[in-house]
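Below is one structure, written out as structure tokens, with a few remarks after it.
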Amino acid sequence: MTTSPARSKHAIVWFRRDLRLLENPAWSAATATSDEVTALFVLDPTLFNAAGPFRQQALIAHLHGLDDMLRERDGRLRIEHGDPVDVLPRVVAELNAVTHWNTDTTPYATRRDQAVTRALASTNAAEPRTHWGTLVHEPGRVLTGKGTLSKVFTPFAKVWDRTELTPWVEGVGDGRIADEHGAPLPQVVGAEDFPGGEVAARARVGEFLDRVDDYPELRDLPAIDGTSLLSGDLRFGTLSPRELMHVVGDSTDGRRAFVRQLAWRDWYAHLLWQTPGMVRAAIKPEYDNVAWRNDPDEYDAWKRGRTGFPIVDAGMRQLWKTGFMHNRVRMIVGSFLVKDLLIDWRWGERWFRHLLIDADVSQNVGNWQWVAGCGTDAAPYFRVFNPWTQSRKFDPRGDYIRRWVPELAGLRGDAVHEPAKAAPLDLAGAGVVLGDTYPLPIVDHALARDRVLHAYKRALGKT
Ligand SMILES: Cc1cc2nc3c(=O)[nH]c(=O)nc-3n(C[C@H](O)[C@H](O)[C@H](O)COP(=O)(O)OP(=O)(O)OC[C@H]3O[C@@H](n4cnc5c(N)ncnc54)[C@H](O)[C@@H]3O)c2cc1C
């Protein structure tokens with residue numbers, strides 16, 4: 001951390017994925033050490049256009065929420081459009097200000113921040129002051145006795161748990177907030193209905209606290225809201241992960257189980273920070289030898305939720321229609337893509353990254369590598385999820401399937417999990433014509449399992 005107590009007349013806080021004023025180290029430091037502070041958001045069209053509709057909605061809603069918070073304090077959020085490498089030096093020169101930001105761990109963010117730092121240096125601007133505000137512990141803090149990042153989650157989580165928190169600059173200082181609005185935000189359909197900003201995020205935490213004690217029992221059931229649904233807030237930083245950890249606490253099994261998920265989040269971020277190449281390549285390089293089939297029609301069927309595997313189709317349609325998918329179902333659809341269809345995990349990661357509201361490169365890549373078996377601490381390659389079994393186990397009444405695959409809603413009992421095995425009369429009674437109103441399974445799971453095991457064994461030199 002390169003914070004310095006030196007006072008400045010004017011500071012800029014460059015908001016990125018920390019869209020909150022409270023528990024925000026960059027904001028706290030800037031308001032504590034400057035007479036006036038400009039809150040700046042740079043809308044980079046390249047990033048914005050790559051985001052799916054739900055992430056765009058969420059971003060715009062959160063920015064309005066941040067602006068509302070600033071207005072209550074007699075300021076505004078200044079919006080600029082363009083490449084930060086051009087925008088930051090211009091605004092810094094205009095205001096003769098020192099810049100603060102909270103660091104991120106993705107290779108893209110690292111390159112961008114380095115380029116901005118160089119651009120600022122070339123104009124003789126003051127060196128930016130960087131902070132950590134997006135993780136519980138910043139990378140490099142949670143190390144094994146040998147001083148390395150654990151390649152296995154459980155030991156990482158043990159050290160994570162007992163690692164002392166680096167002190168953050170806390171509270172909000174008395175620096176005046178600048179009242180400059182800059183450019184307008186783009187109009188995005190649906191953004192006005194999205195409850196954005198940190199006030200809405202805190203309300204969501206409050207709702208989750210009513211059910212957190214049941215988290216271990218409910219978290220794997222996609223038909224109900226048994227998880228926190230806070231990943232979008234953590235992704236945009238409308239919530240501080242540290243504050244969330246403290247608010248939840250560790251007084252019950254449910255609370256401890258939830259906080260452990262925040263350790264997973266830190267772990268993947270630390271892994272990416274240390275291994276930026278994992279965005280493109282398997283952490284275990286031999287897994288890049290798998291001869292993927294990469295059939296475009298099957299990939300398309302997966303994306304559209306037309307595979308003939310109801311639990312997979314339900315998940316993919318939830319993603320398509322809402323920008324969210326339950327964690328258990330993410331694992332099922334991920335395994336189906338990689339193992340049953342033998343499609344490269346990077347194709348799945350790309351689709352998720354486009355559509356998910358909570359899309360976060362470290363979490364997405366880390367989890368996809370886990371699913372494909374090629375990451376650290378990954379599920380062994382020979383563990384292939386059986387989609388039929390998973391469906392019956394985690395959506396026992398079929399409610400999740402019926403909600404997202406409405407053409408199967410009339411099927412009663414077990415038939416909804418595997419319509420191809422349903423009695424013809426039941427199918428007819430529910431108005432289901434397989435191959436017409438709903439697809440037949442695009443692969444035979446048992447054959448696909450043999451095929452993927454063979455492909456993985458060849459890649460790993462085990463045949
Ligand atoms: C293939 C795949 C891709 C994924 N991509 C993303 C992604 O892009 N962004 C993302 O935030 N999560 C991702 N996850 C992890 C997980 O599915 C989501 O964090 C979770 O579903 C969000 O719902 P929630 O907030 O209700 O979770 P909760 O169960 O309430 O968990 C609380 C928080 O802990 C963290 N967390 C939970 N599970 C995981 C996990 N497996 N790995 C890392 N952190 C976790 C998240 O920040 C989450 O919000 C992915 C999982 C899989 C299997």
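Would you calculate a helix-derived [θ] at 222 nm for the chain, using -39,500 (n - 2.57) for each DSSP H run of n ≥ 4 and dividing by the full residue count, to the nearest 500?
My calculation for the chain gives -14000 deg cm²/dmol from helical runs alone.
Specify whether the C-alpha gyration tensor of segment 8-134 places it in the rounded, prolate or oblate class, a ≥ b ≥ c being the square roots of the eigenvalues: rounded for a/c under 1.5, otherwise prolate if a/b is larger than b/c and oblate if not.
Values: a/c = 1.57, a/b = 1.11, b/c = 1.41.
Oblate.
Suppose we look only past 22 Å in the calculated P(r) of segment 319-398. What percent of the Cα-Cα pairs does that tail hold? The partial results should precede the final answer.
Working: 699 of 3160 pairs.
Beyond 22 Å sits 22 percent of the P(r) for segment 319-398.
How far apart, in nm, are two points set 7 Å out from the Cα along the Cα-to-Cβ line at His354 and at Ala257?
Simple spin-label model gives 3.5 nm for this pair.
Measure nothing fancy, just the Cα-based angle from helix 361-372's long axis to the longest principal axis of the chain, in degrees from 0 to 90, nearest 10.
It works out to around 20 degrees.
Take the chain, drop everything but the C-alpha atoms, weight them equally and run the Debye formula without solvent; then report log10 I(q)/I(0) at 0.10 Å⁻¹ to two decimals.
Relative scattering, expressed as log10 I(q)/I(0), comes to -0.79.
For Met69, Met245, Met316, what's the fewest-to-most ordering of other Cβ within 10 Å of each Cβ? Could you put the intermediate results ahead of the total?
On the way: Met69 20, Met245 17, Met316 27.
With the fewest neighbours first, Met69, Met245, Met316 line up as Met245, Met69, Met316.
Would you grab the residues whose amide H sits under 5 Å from the one on Asn294? Only those 5+ places off in sequence or on another chain, please, with H modelled 1.01 Å from N.
Those qualifying (amide H under 5 Å, at least 5 residues apart or on another chain) are Ile343, Asp344.
Pull up all non-local amide H partners of Ala11: gap of 5 or more, or a different chain, and H-to-H distance under 5 Å with H placed in the peptide plane.
Here Glu36, Val37, Thr38, Val98 satisfy the definition.
Looking only at segment 281-306, which residues have a backbone nitrogen under 17 Å from a spot 7 Å from the Cα of Thr148 in the C-beta direction?
283-286
Assuming R0 = 51 Å, what is the FRET efficiency of Arg403 and Asp35, from their Cβ-Cβ distance, to the nearest 0.05?
For R0 = 51 Å, the calculated efficiency reads 0.40.
FRET efficiency for Asp74 and Ala203, Cβ-Cβ distance as r, R0 = 25 Å, nearest 0.05? It would help to have the intermediate numbers written out before the result.
On the way: r = 24 Å, r/R0 = 0.97.
Calculated value: 0.55.
Rounded, prolate or oblate: which fits segment 35-80, taking a ≥ b ≥ c as square roots of the Cα gyration tensor eigenvalues, rounded meaning a/c under 1.5, else prolate when a/b beats b/c? Walk me through the numbers before you get to the answer.
On the way: a/c = 4.89, a/b = 1.84, b/c = 2.66.
Oblate.
Take Arg7, project a point 7 Å from its Cα along the Cβ direction, then tell me which residues of segment 13-52 have their backbone nitrogen under 15 Å from it.
30-37
Once the piece of chain linking Thr322 and Val433 is laid out straight, how much longer is it, given 0.36 nm per residue of separation minus the C-alpha distance between them? List each step's numbers first, then the result.
Working: separation 111, 0.36 × 111 = 39.96 nm, distance 2.70 nm.
Full-extension gain reported as 37.3 nm.
Can you list the lysines whose alpha carbon is less than 19 Å from that of Lys284, not counting same-chain residues fewer than 8 positions off?
By straight Cα distance, Lys284 reaches Lys151, Lys339, Lys457, Lys462.
So if we plug the beta-carbon distance of Asp414 and Tyr108 into 1/(1 + (r/R0)^6) with R0 = 35 Å, what FRET efficiency do we get, rounded to 0.05?
Details: r = 46 Å, r/R0 = 1.31.
So the FRET efficiency works out to roughly 0.15.
Each residue of segment 293-299 in order: what ³J(HN,Hα) in whole Hz does its phi give by Karplus 6.51 cos²θ - 1.76 cosθ + 1.60, θ = phi - 60°, with x for Gly and Pro?
7, 6, 6, x, 5, 5, 4
Which of Ile224, Ile357 has the fewest other C-beta atoms within 10 Å, and how do the rest follow up to the most?
On the way: Ile224 13, Ile357 23.
By the 10 Å Cβ count, ascending, the order reads Ile224, Ile357.
Considering only DSSP states other than H, G, I, E and B, which chymotrypsin sites (Phe, Trp or Tyr not before Pro) in segment 91-174 qualify as loop sites with at most 12 other Cβ atoms within 10 Å? Walk me through the numbers before you get to the answer.
On the way: sites: Trp101, Tyr108, Trp132, Phe153, Phe156, Trp160, Trp168; in loops: Trp132, Trp168.
Hits after loop and neighbour filter: nothing returned.
Quick one: 3J(HN,Hα) in Hz for segment 271-277, Karplus 6.51/-1.76/1.60 with θ = phi - 60°, rounded, Gly and Pro as x.
Here the 3J(HN,Hα) series is 4, 5, 4, 7, 10, x, x Hz.
Return the distance in nm (one decimal) between the two label points of a simple spin-label model at Val247 and Arg392, each offset 7 Å from Cα along Cα→Cβ.
4.1 nm
Could you list Ile442, Ile177, Ile332 in order of exposure, starting from the residue whose Cβ has the fewest other Cβ atoms within 10 Å?
Values: Ile442 19, Ile177 23, Ile332 26.
Fewest to most other Cβ atoms nearby, the residues stand as Ile442, Ile177, Ile332.
Karplus couplings for segment 62-70 from phi (6.51 cos²θ - 1.76 cosθ + 1.60, θ = phi - 60°), rounded to Hz, Gly and Pro as x?
After applying 6.51 cos²θ - 1.76 cosθ + 1.60, I find 5, 5, 4, x, 5, 4, 4, 4, 5 Hz.
Show the residues, 5+ positions off or on another chain, whose built amide H is closer than 5 Å to the amide H of Leu43.
Here Glu80, His81, Gly82 satisfy the definition.
According to a simple spin-label model (label point 7 Å from Cα along Cα-to-Cβ), what is the distance in nm between Arg458 and Ala281?
Here the answer is 2.3 nm between the modelled labels.
Tell me the relative contact order for the chain as a rounded percent, counting alpha carbon contacts under 8 Å between residues six or more apart.
Numbers: 793 pairs, mean separation 79.1, N = 463.
Contact order relative to length: 17 percent.
For segment 285-459, what's the relative contact order in percent, using C-alpha pairs closer than 8 Å and at least 6 residues apart? Working shown, then result.
Values: 235 pairs, mean separation 47.7, N = 175.
Computed over segment 285-459, the figure is 27 percent.
Only the coordinates and a few stated rules stand behind these numbers; no lab work does. Keep in mind it's a predicted model, so treat the numbers as computed, not measured. Cβ: placed from backbone, ideal geometry, glycine included. Neighbour counts: every protein chain shown.
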